[in-house]
1. Can you tell me which residue is farthest from Pro56 (Cα to Cα) among those in the stretch 111-156 that are assigned to a loop (DSSP other than H, G, I, E, B), of a type in the set (A, V, I, L, M, F, W, C) and in contact (Cβ under 8 Å) with a residue 40 or more places away in the chain?
2. Looking at Leu28, is it open to solvent by less than 80 Å² (accessible area, probe 1.4 Å), in contact with a helix residue (DSSP H, G or I) (Cβ under 6 Å, 6 or more places away or on another chain), of a type outside the set (Val, Ile, Thr) and not in a loop (DSSP other than H, G, I, E, B)?
3. Take the stretch 88-104 and flag every residue that is farther than 24 Å from Asp20 by Cβ and basic (Lys, Arg).
4. Within the stretch 55-65, does at least one residue satisfy the condition of being in contact (Cβ under 8 Å) with a residue 12 or more places away in the chain, small (Gly, Ala, Ser) and in contact with a strand residue (DSSP E or B) (Cβ under 8 Å, 6 or more places away or on another chain)?
5. Taking the stretch 86-130 as the search range and keeping residues that are open to solvent by less than 70 Å² (accessible area, probe 1.4 Å), at pLDDT 90 or above and small (Gly, Ala, Ser), which one is farthest from Tyr37 (Cα to Cα)?
6. Leu10 fails exactly one of the following numbered conditions: (1) assigned to a helix (DSSP H, G or I); (2) of a type in the set (A, V, I, L, M); (3) modelled with pLDDT of 95 or more. What is the number of that condition?
7. With respect to Asp90, determine if the residue is under 24 Å from Val146 (Cβ atoms) and of a type in the set (Asp, Glu).
8. Would you mention how many residues in the stretch 15-25 are open to solvent by less than 70 Å² (accessible area, probe 1.4 Å) and touching a residue at least 24 places away in the same chain (Cβ under 8 Å)?
Amino acid sequence: MTVNKVIYKLKKSGHKVSIDSANYEELLRGGKCGADYLLSISEKNYDILDSVDSIPVLIPSQPGDLKSLERIIKKTQSMNRDFLADPILDPIHYGFVDSIVRYKKLRSMFPDIKILMGIGNLTELTDCDSVGVNTVLMGLVSELSVSAVLVVQVSNHCKNSIKETDQALSLIHISEPTRQAEISYAVFCLK
């Protein structure tokens, strides 16, 4: 089945469709076929947005490059285009703490933008998907007012990530009932 047919069938069934690729042509083709979201758009492939209506998930041009993310956010804002920004959560021992700092800096620089946090670098790459770890992650999501969470559920060792993330989000709401965290928690699931 072609990409066009898959996207058409998913959208006809009421699903939102996202294309996650580092391949320029795949992102362009998915956007032209009607994908709702394109992951991941940087300064390197930004011109794709001239040809599609998809909502881009903006990322740095190089890992950890918050300046490039800032530039692309300002450019997208000047176009009055909807977007999500993702400074990328890095795995433990590969910049994890620095990546949390980037999320904090991004929120301080842009208090009103939509931010996406992909948690797969912890739940999948470090094999630590548990309700406890997901609760800490959802605590970060809540405190940083992250708008969407990318939950990866591909490997056998993280086959409960969506359920655990949902449980963790419930725990966050229960533990702080006076603070109504506005996490319009969108799950992009790869199965």
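The values are calculated or read from the model by the stated rules, or taken from the named source; none is laboratory data. Treat the numbers as computed from the prediction; the structure is a model and nothing was measured. Ideal geometry is used to build each Cβ from the backbone, glycine not excepted, and the neighbour counts take in all protein chains shown. Each accessible area value is taken on the protein alone, full model and side chains, heavy atoms only, with ligands, DNA and RNA left out. Shrake-Rupley method; radii C 1.70, N 1.55, O 1.52, S 1.80 Å.
1. If we take residues in the stretch 111-156 being assigned to a loop (DSSP other than H, G, I, E, B), of a type in the set (A, V, I, L, M, F, W, C) and in contact (Cβ under 8 Å) with a residue 40 or more places away in the chain, then Leu144 is farthest from Pro56 (Cα to Cα).
2. So Leu28 passes the test.
3. The answer is Lys104, and nothing else.
4. No, there is no match, as no residue in the stretch 55-65 is in contact (Cβ under 8 Å) with a residue 12 or more places away in the chain, small (Gly, Ala, Ser) and in contact with a strand residue (DSSP E or B) (Cβ under 8 Å, 6 or more places away or on another chain).
5. Gly95
6. It fails just one condition, (3).
7. Taking the combined requirement at face value, the residue satisfies it.
8. Selection size over the stretch 15-25: 2.
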